[in-house]
Amino acid sequence: METTLARGAHSAAPPLLQVDSVTLAFGGVRALSGVGFGVQPGSITAVIGPNGAGKTSLFNTISGFYRPTGGSIRFKGQDITRIPAPQRARMGLGRSFQNIALFRGMTVLDNIKLGRHAHLKTNVFDALFYMGRARREEAALRRDIEERIIDFLEIDHIRHAPVSALSYGLQKRVEMARALAMQPEILMLDEPVAGMNREETEDMARFILDVRAEWGVTVLMVEHDMGMVMDLSDHVVVLNFGQVIAQGVPAVVQADPEVGRAYLGSGNVDELRAKLRAAAQPAMAGAA
Amino acid sequence: MDWAYLFEISLTGIASGGLYALAALAFVMVYKATRVVNIAIGEMLMAGGYLFFTFAAMWALPLWLAIPAAVLACGLLGAVIERTMIRPLLGEPPISVFMVTVGLSSVLIGLVEMVWTADQRRLPEFMPSDPIMVGDAFLAPKVFWGAVVAAVFIAAVLLVFRYWRGGVALRATASDQAAAYSVGINVPRVFSLAWVASAMLAAISGIIVGSIGGISSSMGVFGLSVLVVVIVGGLDSVLGALVGGILIGLVEALAGAYLGGEYKLLATFVVLVVILMARPYGLFGTHEIERL
Amino acid sequence: MRIGTLKESYVADAALFDSRTQHAWLAIAATLLLLFPFVASDYWLYMACLVAINVASATGLNILTGYTGLVSLGQAAFMGLGAYTVAILQTRYGTPFLLNLLAGGVVAMLGGIVVGIPSLRVKGLYLAIATIAASFIAHFLFANFQITGGTAGLSLPPARLLGMDLDTSFRLYWLIVPVAVLMLLGAANLFRTRIGRAFIAIRDRDISAEVLGIPLLRYKLLSFGLSSFYAGLAGGLWAYFFRVVTPESFPLSMSIFFLAAIIVGGMGSILGGILGAVFMTMVPELLKLVVDLLPGGAALAVFLSPVRLVVFGALIIGFLVFEPLGLAEIWRRVRRFFHLWPFRN
């Protein structure tokens, strides 16, 4: 069920990412059924829904890790449903993971550099010889990461640290840094503030807004923190049991009875609506 | 086309396939319970064969004592292995345990060569030696009786996994140790049990295989065919061990008869490559769905 | 981490040897390597060449198993491919040794790709089993064909450099050691680039790596091909060193030797490859020494081969259980102690 508001609002530009009737089934289990929505360039879109709704499966399908059993995905106007994951990364699909997926055998800097992999040109012969193209490329990469990413995310003090030694909050930030290194046009963040306290959440929210403002990156995020969702997003998509049950601007979605029912079951919907509104208020006041 | 010959060869193939299935079962038991790939399965088989040799030939114990003694001793070996080199690596990446089993195979071969030298030995005869005839086809009696024993144990294990709650416990600990712990399954005990059972099955297999072809320190090469069997059948499938075993037994027998003895192993590996290309998780293995 | 090293440029920060002390040590090491052949006895020259060959091969295996996380038991088989290629080219065509060595590496690399393509598509485990299979197939090929001299093998004339036969350990030293050093340098360089990082990513978390832009199959094959190339090159050196190659020269136990070398030395570290290879090469010599010293030693000599097997296996198990990061980690701990020592109290 889509609200007409969503349809009309950003119909000017074509969507950067368009998901059309995507279905994903594992044997008898349907993770996604007929999921469809668009992500406008330059927007922050949030995908919300109760646990098990299929949000991460959706991300994995867009990333190319799962192949949908039906439907299509279009990115920058191109059909990417059959394109392998590494190529999607090269096209500008950046990603961070729900459970931190940093590479424990490498330092922070190397993890971030890895994000740029698909855009680098060094081949194995260049690498073995190193002096020459590999050295130049690595130096340019290092400069770029230091000046644009490490500085931006304020992680210069830990750049040489092994990632396994970092706190959870810092690891999440390194994840973000790595995703940024991918030179993404769309940044898919899977629960970027999961497990963070108030301060860390606000920092991350600030980073996300800055990323959009300074880098022009479109953001698509899965999130449970309703304050953050209502506060940051231009567009919200609600999933439940693998289906889109509502989408639109935050205020409209918030008021949608279906959404309330999805999270809390059919109970007193008025009370629930009030609860949702109350949760959104302090976040909005704090950011303003 | 000599159909009688083909039939005879196939019969031998299927029977020896039963032996492969038994050894494959030993492998699957450990993998099903602990997710450990035991590359040393062939060497454990060899250990069983040599233990039997020690008890029956060197110490001249009567058969009804020597066979159980060898099986139990091998089971003890399995327990020691699990306790000293598998359990300490519980949280480590699976590649580490895998390499430990590689080291184990080397240690076992070395030990066997030290104690019993690298010469081939013959095991005392204990199986009925009347030739088995199926119509006009001849089947070597040892191979036949070996296959019968194998079939009995395979059936027993299949039933155990199906109906005994211990079988379910085995599968639970493999898929999630922490969860298994929390529902009251004694995980370390299950691990030990799996390794002991596997070692005992390997010993039985080793005794039979040794009776047929003699024992030697290079007997572990049998394990290579067993590895192919479990890949064909599926690493965690008991049924797969059975079907895979028979298939490989058949392939090797046919290759040996029509192409020559040196081509047996080659034929097995061709099957390996085909399976890896076509159905990498094996005929009956569970295709694990990874989550990002 | 080294104390008190300040870098003023990113390029400087990325250098392999980044401090004055390290440069000094490097200069000393280079001088020692240059002077060694002039002062060493024949026995030690022989050992040095053997160690260098093993270091080169172990480094290749380290790239695949230590850094990319793919276990291979085919190192010996690929060395054999390289050795036989060199032997055949040298005896039949008398082509220059550098060409032969390169050809050996390439043939081994192709063999690696053939083995890798079916087995790398799924789990790394299947590669291990496929490499065991490859060892047997290689043995079959070596023993059953005319061109490889059958079970008797091939004996080859020495390599010729500037009209001189490289037929003594002293002369071969100047071929083997520089090649080994270059191979080490190449491997170290690899891990300063995106290729090396991709390998480590595959080891640590391959499913995420793909979503981040690394085509898995291609890089796994690259790692395997590279490691086989190293093995083939080392095998070629081996052929010029021993001057005889037979089907029994490269048994599965040699693959286990190399696996033990990188586990003992420290997987995923270039230094580990060096330490492990040195250690493993010296262990059998030590055993021989012990057997000679013991009373009744002659009778024990027959046990040398099985004892070696037990020792190799025990080293693998022991290090994995007690010190999985190997000798390199022990070395790092010692170094750290000495770095911090001036600051105690």
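Read-outs throughout are calculated quantities, based only on the coordinates presented, and are distinct from any laboratory measurement. Note that the structure is predicted; figures quoted are calculated from it, not measured. Ideal geometry is used to build each Cβ from the backbone, glycine not excepted, and the neighbour counts take in all protein chains shown.
So which of B:LYS32/B:LYS142; A:LYS172/C:LYS220; B:LYS32/B:LYS264; A:LYS76/C:LYS123; A:LYS55/A:LYS76; A:LYS76/A:LYS172 end up more than 26 Å apart, counting from Cα to Cα?
Pairs exceeding 26 Å: B:LYS32/B:LYS142; A:LYS172/C:LYS220; B:LYS32/B:LYS264; A:LYS76/C:LYS123; A:LYS76/A:LYS172.
What distance in nm separates the two pseudo spin-label positions at C:TRP174 and B:MET1, each 7 Å out from Cα along the beta-carbon direction?
Spacing of the two 7 Å Cα→Cβ label points: 6.8 nm.
Let me make sure I get this right: for segment B:1-91, a, b and c are the square roots of the gyration tensor eigenvalues over alpha carbons, sorted descending. Under 1.5 in a/c it's rounded, otherwise prolate if a/b > b/c, else oblate. Which is it?
oblate
For C:LYS7, which aspartates and glutamates qualify as cross-link partners when the Cα separation must be under 20 Å and same-chain residues fewer than eight apart are set aside?
Within reach: A:ASP110, A:GLU137, A:GLU138, A:ASP144, A:GLU146, A:GLU147, A:ASP151, A:GLU154, A:ASP156, C:ASP18.
By per-residue mean of other Cβ atoms within 10 Å, what is the highest-first order of B:193-202, A:120-129?
Ranked by mean Cβ neighbours within 10 Å, highest first: B:193-202, A:120-129.
What average count of beta carbons from other chains do you get within 10 Å of the Cβ of residues in C:318-328?
Counting Cβ atoms of other protein chains within 10 Å of each residue's Cβ and averaging gives 3.
Would you mind calculating the gained length between B:ALA178 and B:ALA140 on full extension (0.36 nm times residue separation, minus the Cα-Cα distance), in nm to one decimal?
Gain in length upon complete extension: 8.8 nm.
Order of B:177-188, A:153-164 by packing, highest average Cβ count within 10 Å first?
A:153-164, B:177-188
Please state, rounded to one decimal and in Å, the Kirkwood hydrodynamic radius that segment B:3-278 gives when every pair of distinct Cα atoms enters the mean of 1/r.
19.0
Highest GNM mean-square fluctuation, chain C, Cα pairs closer than 10 Å: which of C:PRO295, C:PRO306, C:PRO118?
C:PRO295
What FRET efficiency do you get for A:MET131 and B:LEU90 if R0 is 35 Å and r is their Cβ-Cβ distance, rounded to the nearest 0.05?
Using R0 = 35 Å, I get an efficiency of 0.20.
Going by average Cβ neighbours within 10 Å, how do the peptides B:150-163, C:266-279 rank, with the highest at the top?
Per-residue mean Cβ counts within 10 Å order the peptides as C:266-279, B:150-163.
Give me the inter-chain shielding for A:86-98: mean count of other chain Cβ atoms within 10 Å, whole number please.
Counting Cβ atoms of other protein chains within 10 Å of each residue's Cβ and averaging gives 3.
What nm value, rounded to one decimal, do you get for the distance between C:LEU217 and B:ARG121 when each label is placed 7 Å out toward the C-beta?
About 4.8 nm separates the two model spin labels.
Would you work out if the protein assembly as shown is rounded, prolate or oblate? Take a ≥ b ≥ c from the square roots of the eigenvalues of the alpha-carbon gyration tensor; rounded if a/c is under 1.5, else prolate when a/b is larger than b/c, oblate otherwise.
Oblate shape, in that a/c is at least 1.5 and b/c is the bigger or equal ratio.
Report the charge-dipole magnitude of segment B:3-278 in Debye, nearest 20, computed about the Cα centre from +1 at each Lys and Arg Cβ and -1 at each Asp and Glu Cβ.
Its charge dipole is roughly 720 debye.
Quick check: Cα centre of segment C:138-158 to Cα centre of segment C:263-329, how many Å?
30
DSSP loop (so not H, G, I, E, B), at most 13 other Cβ within 10 Å: list which chymotrypsin sites (Phe, Trp or Tyr not before Pro) in segment C:66-95 pass both filters.
Qualifying residues, ordered by number: C:TYR93.
When Cβ neighbours within 10 Å are restricted to other protein chains, what is their mean count per residue of peptide B:76-85?
Mean number of neighbouring Cβ atoms from other chains: 1.
Can you classify chain C as rounded, prolate or oblate using the Cα gyration tensor, where a ≥ b ≥ c are the square roots of its eigenvalues, rounded means a/c under 1.5, and otherwise it's prolate if a/b beats b/c and oblate if not?
Rounded shape, in that the Cα axes give a/c under 1.5.
Once you've got the GNM for chain B with C-alpha springs shorter than 10 Å, pick whichever of B:ALA241, B:ALA57, B:ALA47 has the biggest mean-square fluctuation.
B:ALA57
From the helices alone, meaning DSSP H stretches of at least four residues, give me the mean residue ellipticity at 222 nm for chain C, per-run term -39500 (n - 2.57), in deg cm²/dmol to the nearest 500.
So the helix-based figure for chain C works out to -24500 deg cm²/dmol.
Let me know the longest stretch in chain C that avoids all trypsin sites (Lys or Arg not before Pro) found in a DSSP loop with at most 12 other C-beta atoms within 10 Å.
The reported range is C:8-343.
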